[in-house]
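The values are calculated or read from the model by the stated rules, or taken from the named source; none is laboratory data. Just so it is clear, the model here is predicted, and its values are computed rather than measured. Here the Cβ is made from the backbone with ideal geometry for all residues, glycine too, and neighbour counts use every protein chain on show. Remember, those area values only see protein heavy atoms, side chains included, never the ligands or the DNA or RNA. Shrake-Rupley method; radii C 1.70, N 1.55, O 1.52, S 1.80 Å.
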Amino acid sequence: VWEMAQLQRCDYLGDSYAIRMLPLCQKLGDQFDDLENDVLTALDATERTSSAAENFNGQVRRYTNQRDHVDNNFLGLLQFYLNHSKFVCSSRLDRKNKSPRQILTETDHPHWLELLGYQRFNRAAA
């Protein structure tokens with residue numbers, strides 16, 4: 001399974017894929033295609049943690065770079081905001097226009113300001 005996962009790093013149409021695939025194909029025989037499909041499914045469902053950590057660090061850095069001191073109250077509010085703000089764009093369609101909380105709980109929630117007890121400002125039609 002590990003060798004099959006490593007194989008997926010190669011370009012499917014490239015020489016390195018064909019060279020690495022042959023020993024696996026001989027070893028697995030008719031089971032090669034089924035195992036490859038299962039590995040691809042597992043890889044698609046697995047979060048890339050380094051990417052997620054870098055994304056998170058980039059988001060937090062935007063709010064902390066301008067401050068001399070960051071206390072726990074600010075970090076708590078930032079955590080709340082980031083967990084309840086919707087993703088404007090995402091490479092995964094199931095995450096677009098959803099907040100991390102909505103993705104985790106699979107339920108909708110009001111705007112983050114309303115969750116804090118504030119009323120959102122709605123502009124009157126001109």
Cα→Cβ-extended label distance, 7 Å offset, between A5 and R120, nm: 4.1 nm
Tilt relative to the chain, helix 72-84 - C-alpha long axis, 0 to 90 degrees, to 10: 60 degrees
Surface per residue (accessible, 1.4 Å probe) for the stretch 1-72, Å²: 83 Å²
GluC sites (Glu not before Pro) lying in DSSP loop within the stretch 1-79, provided at most 10 other Cβ fall within 10 Å: E47
Proximal lysines to K86, defined as alpha-carbon separation beneath 25 angstrom and excluding residues fewer than eight positions away on the same chain: K96, K98
Percent RCO, i.e. relative contact order, over the stretch 37-114, from Cα pairs under 8 Å lying at least 6 residues apart: 19 percent
Simple Cβ-charge dipole of the chain, Lys/Arg +1 and Asp/Glu -1, about Cα centre, in debye nearest 20: 920 debye
Label corresponding to P(r) over Cα pairs in 5 Å bins from 0, in percent when calculated from the structure given, among (1) 2, 10, 17, 19, 17, 14, 9, 6, 4, 2, 1, 0; (2) 2, 8, 14, 18, 18, 15, 12, 7, 4, 2, 0; (3) 2, 8, 12, 14, 12, 11, 10, 8, 8, 6, 5, 3, 1, 0, 0: (3)
Environment charge at A5 (Cβ cut-off 11 Å; Lys +1, Arg +1, Asp -1, Glu -1): -2
√(5λ) per eigenvalue of the Cα gyration tensor, the stretch 28-85, largest first, Å: 42, 11, 7
